[in-house]
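First comes the structure, then the notes that go with it.
The values are calculated or read from the model by the stated rules, or taken from the named source; none is laboratory data. Small disclaimer: the values here were computed from a predicted structure and weren't measured. Neighbour counts are summed over all protein chains in view; Cβ atoms, including those assigned to glycine, are modelled from backbone coordinates with ideal geometry.
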Amino acid sequence: MHSPIDAATRAAESRLSAFFREYPRAALAFSGGADSAYLLYAARRFGCDVHAYCVHTAFQPAFELEDARRLAQELSATLTVVPLDILALDAVRSNPADRCYHCKRALFGQMLRAAKADGYDLMIDGTNASDDASDRPGMRALHELCVRSPLREAGLTKAQVRALSREAGLFTWDKPAYACLATRIPTDVPIEAQWLARVERAEDALRKMGFSDLRVRVYGRAARIQLPAAQLERAAARREDILSALGGAFDAVLLDLKARD
């Protein structure tokens with residue numbers, strides 16, 4: 001049995017319901033992550049005519065798209081996958097410090113065009129009340145494009161979203177936060193599709209070994225593996241397996257002893 005939902009969470013849930021009463025028709029920027037998954041569930045639960053849009057680029061690993069499709073199917077929600085050649089944009093491929101801003105402008109611009117063609121004027125996303133706007137340049141793009149964030153507006157934190165998702169039976173309730181593959185490339189190092197593919201294969205191989213909440217970052221031509229503290233000892237014990245899985249794609253494989261938070 002999991003803990004009952006507290007009064008503060010119920011109050012925030014009620015505010016979210018009120019949002020959808022005020023805006024009964026919306027397009028949802030859908031990633032398949034915990035936040036947008038709960039928002040899709042809530043929109044349907046509270047009677048919103050919601051259409052989910054997922055942008056498919058080289059920055060999203062295959063499992064994210066699979067999760068998005070699975071959840072949309074489980075909720076009987078309409079999902080449109082919108083392709084975008086993100087690496088064709090110089091402001092993104094060159095990987096400047098504000099890459100996230102340029103990327104978000106492109107992603108949401110593409111979804112907005114698709115949504116408007118389908119007759120939707122309002123775009124919403126899964127930003128929650130725990131997200132730090134000052135530390136996320138992509139949020140500036142959302143503001144400029146008039147994208148609303150109902151979870152944030154209702155005051156729902158990440159922990160509350162997870163609790164409500166668990167209550168709703170969503171498989172995403174405990175899904176770890178996942179930053180796009182572009183974050184594995186150091187700032188100002190141009191992003192190449194081949195390195196994104198290598199990172200995706202490396203992270204997939206590690207997940208199949210039972211590791212979770214991980215990152216494989218490009219460090220020169222080496223792979224730098226970041227894991228939670230509880231998994232470091234097991235990673236060292238599986239040194240040969242990890243080298244066998246990753247060594248062919250990288251000149252060196254490094255284990256970062258500074259654990260992920």
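Kindly indicate whether Arg10 is of a type in the set (D, E, K, R), touching a strand residue (DSSP E or B) at 6+ places or on another chain (Cβ under 7 Å) and assigned to a helix (DSSP H, G or I).
no
Being among the charged types (D, E, K, R) and either part of a strand (DSSP E or B) or within 18 Å of Ala129 (Cβ to Cβ) (or both) is the filter here; which residues of the range 28-71 pass it? Working first, answer last.
Initial filter on the range 28-71 (among the charged types (D, E, K, R)): 35, 44-45, 49, 64, 66-67, 69-70.
Passing the criteria: Asp35, Asp49.
Inside the range 108-137, can you point out the residues that are over 26 Å from Ala12 (Cβ atoms) and at pLDDT below 95?
Pro137
Being within 25 Å of Phe63 (Cβ to Cβ), part of a loop (DSSP other than H, G, I, E, B) and under 13 Å from the mean Cα position of the chain (by Cα), is that true of even one residue in the range 129-148?
Within the range 129-148, one or more residues are within 25 Å of Phe63 (Cβ to Cβ), part of a loop (DSSP other than H, G, I, E, B) and under 13 Å from the mean Cα position of the chain (by Cα).
Out of the residues in the range 158-173 that are assigned to a loop (DSSP other than H, G, I, E, B) and touching a residue at least 40 places away in the same chain (Cβ under 8 Å), state the one that is nearest to Gly33 (Cα to Cα).
Thr172
Answer yes or no as to whether Asp85 is closer than 28 Å to Thr172 by Cα, surrounded by fewer than 17 Cβ atoms within 10 Å (Cβ to Cβ), charged (D, E, K, R) and touching a His at 6+ places or on another chain (Cβ under 8 Å).
no
Give the residues of the range 199-222 that are out of contact with any Lys or Arg (no Cβ under 7 Å at 6 or more places or on another chain) and farther than 24 Å from Ala237 by Cβ, sorted by residue number.
Glu200, Gly220, Arg221 - these are the residues of the range 199-222 that are out of contact with any Lys or Arg (no Cβ under 7 Å at 6 or more places or on another chain) and farther than 24 Å from Ala237 by Cβ.
Condition check ((1) surrounded by fewer than 19 Cβ atoms within 10 Å (Cβ to Cβ); (2) of a type in the set (A, V, I, L, M, F, W, C); (3) within 23 Å of Met111 (Cα to Cα); (4) touching a strand residue (DSSP E or B) at 6+ places or on another chain (Cβ under 7 Å)) across all residues:
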{"site": "Met139", "(1), (2), (3), (4)": "no, yes, yes, no"}
{"site": "Cys146", "(1), (2), (3), (4)": "yes, yes, yes, no"}
{"site": "Gly155", "(1), (2), (3), (4)": "yes, no, no, no"}
{"site": "Lys158", "(1), (2), (3), (4)": "yes, no, no, no"}
{"site": "Glu167", "(1), (2), (3), (4)": "yes, no, no, no"}
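So which of Lys258, Lys208 ends up being under 21 Å from Pro186 (Cα atoms) and loosely packed, with under 11 Cβ neighbours inside 10 Å?
Working: Lys208 fails: under 21 Å from Pro186 (Cα atoms).
None of the other options fit; the residue is Lys258.
Within the range 1-29, work out how many residues are within 24 Å of Leu112 (Cβ to Cβ) and either exposed (fewer than 13 other Cβ atoms within 10 Å of the Cβ) or not assigned by TED's automatic domain parsing to the domain that holds Gly119 (or both).
Total satisfying the criteria: 2.
Kindly evaluate Ile225 against the criterion of being surrounded by 13 or more Cβ atoms within 10 Å (Cβ to Cβ), in contact with a strand residue (DSSP E or B) (Cβ under 6 Å, 6 or more places away or on another chain) and not in a loop (DSSP other than H, G, I, E, B). Even if it seems obvious, please write down each step before you answer.
Working: surrounded by 13 or more Cβ atoms within 10 Å (Cβ to Cβ): yes; in contact with a strand residue (DSSP E or B) (Cβ under 6 Å, 6 or more places away or on another chain): yes; not in a loop (DSSP other than H, G, I, E, B): yes.
Taking the combined requirement at face value, the residue satisfies it.
In the range 174-188, what residues are in a loop (DSSP other than H, G, I, E, B) and touching a helix residue (DSSP H, G or I) at 6+ places or on another chain (Cβ under 9 Å)? Show your work before the answer.
So the first thing to find is which residues in the range 174-188 are in a loop (DSSP other than H, G, I, E, B), and the list is 174-180, 185-188.
Correct list: Asp174, Lys175, Pro176, Ala177, Tyr178, Cys180, Ile185, Thr187.
Is it the case, given these coordinates, that Tyr23 is in contact (Cβ under 8 Å) with a residue 24 or more places away in the chain and under 29 Å from Arg184 (Cα atoms)?
Against the criterion (in contact (Cβ under 8 Å) with a residue 24 or more places away in the chain and under 29 Å from Arg184 (Cα atoms)), Tyr23 does not qualify.
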